[in-house]
Amino acid sequence: MANPEHLVLARRYAAGERNFRLEMLDLTGADLSNLDFSEAWLRDTNLSRANLRNCRFVGAPMPGTNFTGADLTGADLHGAIAAGAIFRQATLVEVSLRSADLYGADLTETNLTRADLTQADLSLVQAEHAIFTEALLTRAILFSANLMGADLRGTDLAQAENVSSAKFEGALLPLDYQPINNRRKSRFARGFFDRKK
């Protein structure tokens, strides 16, 4: 059960007030669907079992936030900083996680069906038995990601990066998929460092 005072703060933020942070709040089981928490500082906030359908968390820093069992169907977490966040058994169907930082996040048994993970950093995530069916993984970084037992059917893993270091034991992979390593190319301009002085 959400703390009533914390629930009031969350609703004030979603209504446009921005002179406070939403960190370390207890919003367990709250119905916050369709609200805008873009750029909200949500460090260590408990949103477990909350209804967060169609919420916006664009660019929100949320390290250590607990989304266990929450429903984020259709939510927008574009550019969210969710390193170490806990999404265990959460529903992230058709969620936008474009360019999100999920470094070390817990996605165990999470449903990410048709999620957009384009350019997301999934380095060191724990995603055992997660469902990624038809998720977009273009340029997603999978460095040492634990995807054991995950369902990756219908994804295009060939477009992801650092795939060869990920763990796929027992995972359901796309048909005809052969692991390769697509390391991120250098972003430096060609010839920049070899100019003569």
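The values are calculated or read from the model by the stated rules, or taken from the named source; none is laboratory data. No experiment lies behind these values; they were computed from the predicted model shown. All Cβ positions, glycine included, derive from the backbone under ideal geometry; neighbour counts span all protein chains shown.
Points to keep in mind about this one:
- Selection of first residues in the range 157-171 that are modelled with pLDDT under 95 and of second residues that are among the hydroxyl-bearing types (S, T, Y), restricted to Cβ pairs under 6 Å at least 6 apart or on distinct chains, gives the following pairs, ordered by first then second residue: L157/Y177; Q159/T138; S165/S144.
- Hey, L22 hydrophobic (A, V, I, L, M, F, W, C), surrounded by 23 or more Cβ atoms within 10 Å (Cβ to Cβ) and more than 16 Å from D116 (Cβ to Cβ) or not: no
- Just so you know, in the range 57-96 the residues that are hydroxyl-bearing (S, T, Y) and assigned to a loop (DSSP other than H, G, I, E, B) include one that is farthest from T113 (Cα to Cα), and it is T65.
- Subset of the range 149-173 (residues that are assigned to a loop (DSSP other than H, G, I, E, B) and surrounded by 17 or more Cβ atoms within 10 Å (Cβ to Cβ)): G149, A150, L152, T155, A160, N162, A166, F168, A171
- Considering residues of the range 90-107 that are charged (D, E, K, R) and more than 20 Å from N146 (Cβ to Cβ) only, the residue nearest to the chain's Cα centre (by Cα): R98
- Restricting attention to the range 24-42, the residues being over 16 Å from S96 (Cβ atoms) and under 15 Å from the mean Cα position of the chain (by Cα) number 1.
- Selection from the range 98-107 of residues that are under 19 Å from S48 (Cβ atoms) and assigned to a loop (DSSP other than H, G, I, E, B): L102, G104, A105, L107
- Residue in the range 108-137 that is surrounded by the most Cβ atoms within 10 Å (Cβ to Cβ), counting only those that are outside any loop (DSSP other than H, G, I, E, B) and within 12 Å of the chain's Cα centre (by Cα): D121
- Qualifying residue in the range 44-66 (condition: out of contact with any helix residue (DSSP H, G or I) (no Cβ under 8 Å at 6 or more places or on another chain), of a type in the set (D, E, K, R), over 13 Å from A90 (Cα atoms) and surrounded by fewer than 18 Cβ atoms within 10 Å (Cβ to Cβ)): yes
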